[in-house]
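The values are calculated or read from the model by the stated rules, or taken from the named source; none is laboratory data. None of the values given here were measured: they were computed from a predicted structure. Using ideal geometry, Cβ is built from the backbone for each residue, glycine included, and neighbour counts are taken over all protein chains shown.
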Amino acid sequence: MATLACLLEVTAPKPGNVHRGADFEDVTFVDFATSAVVLGDVIQAFAEATLGQTILASVRQNEQAVGTNTNLGIVLLIVPLAKIAASNALADLQSNLVTDYLSKLSPSDGADVFEAIRLARPGGLGEVEELDVHGGGDHPVDLLSAMQLAANRDAIARQYVTGFQDVFEFGVPLLSEGCRRFGNLNEAIVYAHVAMMARSADSLIARKCGTGTAEHSRFLAAKAIESLTQVEAAKKVDCSEGFWKAVGELDFWLRSDGHRRNPGTTADLIAASLYVGIHNGVIQSPFR
């Protein structure tokens, strides 16, 4: 499920991201596809390992396979979900996540996750006064406390302290809504991605380019969603032409500064939402 979710995410032509029709100069669709396979293999091989051990192994093996950080955010989101699913295939991921899993993480989990983040070297990470990931060493770390401190500036960290709220309450419903609107999963993924960008400015763009640039990306995404809503309200037959035009404009703007404006955190949230959707049966085969 982890590999499939990642492949579905990277295949869809989400604005500003690598997909099967668009590479970046230093990272390609094949890199992301390779990372999807690596993640699935590690989750399987480390089924009995701790969260921290599995995340660290995923980052290490991904580094060996593709030589760059393609999926740290996805790893941080999908691994805890997969741990719960592996322990009980019928488990309610959302309720078990907080009560039976995240609250029971050990200090060694935090140390391993910090080491994984240092190894992946995510863009625009910066430094903070308390529980800074650059502190080095393998000393114990209260992972949830660290995520709480970072939650206001990083959407991945925020998931750890909100029970993955963006995934369960927005990502999965948006994918379902997109399937109803467009009739296919590929366009539904793009729709969900743009709608999530419109809801909250991408935190990777904010870290790399500043809050002003991130907010402008949110504004352009919101225009795309509004164009779709306005045309539907007018009861026109084709309710998508204006939306796809606005998505194209968003994509052009996002790619106009190399890939510094890459909304990678939103893409990570979409990958996790796809995982949950597949696990819960909201998204079913054939996956198209």
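Values as computed for the structure displayed
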{"read-out": "Residue in the range 83-94 that is closer than 21 Å to Arg121 by Cβ, at pLDDT 95 or above and not assigned by TED's automatic domain parsing to the domain that holds Asn186 present", "value": "no"}
{"read-out": "Any hit, the range 253-261, residues being modelled with pLDDT under 95 and in a helix (DSSP H, G or I)", "value": "no"}
{"read-out": "Complete set of residues in the range 179-230 that are small (Gly, Ala, Ser), outside any helix (DSSP H, G or I) and surrounded by 19 or more Cβ atoms within 10 Å (Cβ to Cβ)", "value": "Ala201"}
{"read-out": "Single condition Phe287 does not satisfy, out of (1) in a loop (DSSP other than H, G, I, E, B); (2) within 28 Å of Asp26 (Cβ to Cβ)", "value": "(2)"}
